[in-house]
1. If one computes the Cα centroid of the range 60-77 and of the range 103-143, what distance in Å separates the two points?
2. Sort Arg132, Arg137 so that the residue with the fewest other Cβ atoms within 10 Å of its own Cβ comes first and the one with the most comes last.
3. Which whole-Hz couplings ³J(HN,Hα) result when phi for each residue of the range 147-153 is put into the Karplus expression 6.51 cos²θ - 1.76 cosθ + 1.60, θ = phi - 60°, listed in order with x for Gly and Pro?
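Every number in this text was worked out from the coordinates using simple rules, so none of it is lab data. Quick caveat: nothing in here was measured; it's all calculated off a predicted structure. Counting neighbours? That spans all protein chains shown, and the Cβs are built from the backbone with ideal geometry, glycine included.
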Amino acid sequence: MFTRYLFGILLLIAPISWAQTQQVQVEIALPTLEVAEYHKPYVALWLSDPQQQALATLNLWYDAKMPDKEGMTWLKDLRLWWRRTGRTLQTLDAFTGATRASGVHTLRWPLTQAPWRDLPAGEYILHLEVAREVGGREHVSLPFQWPLHAPLKVQGTHEISHLSLMPSQSTQGN
């Protein structure tokens, strides 16, 4: 009898645990550039509707450790992000990180976390903008249908190797 009781509890908990491990995964690939003066890029990743109205900034990489918050003054170089949403944000703490070198960078969000948990079914666009001091600037857009059922990918040309968006399942819960 105890075994049936325990099995019944496990059946109730299993769907909750499974839903909590469902994630959205974004892969940002930055190329290795052969240039005389290389600076790690500033990066903005955001979500918009099909009319290009920004819905959420997902991630922002910039040099937050510069004296007198000077790194923030360079955020304007992320021109599209700055015009669409950056200049109106009150705080950047929730989604910022340090600049990162070339390579593949994987970001994950549980479906129970905003903005994914509140996103109604429909069409959206994932944007990635990259700007480097003494370097180039590039923006790529990845249209997608929510909920996401299959991996999607868009190639960049010089500052971005690729941007991928995919559903993911974590074995560690996050």
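1. Using only Cα atoms to place each centre, the spacing works out to 20 Å.
2. By the 10 Å Cβ count, ascending, the order reads Arg137, Arg132.
3. Rounded to whole hertz, the list is x, 7, 10, 9, x, 10, 8.
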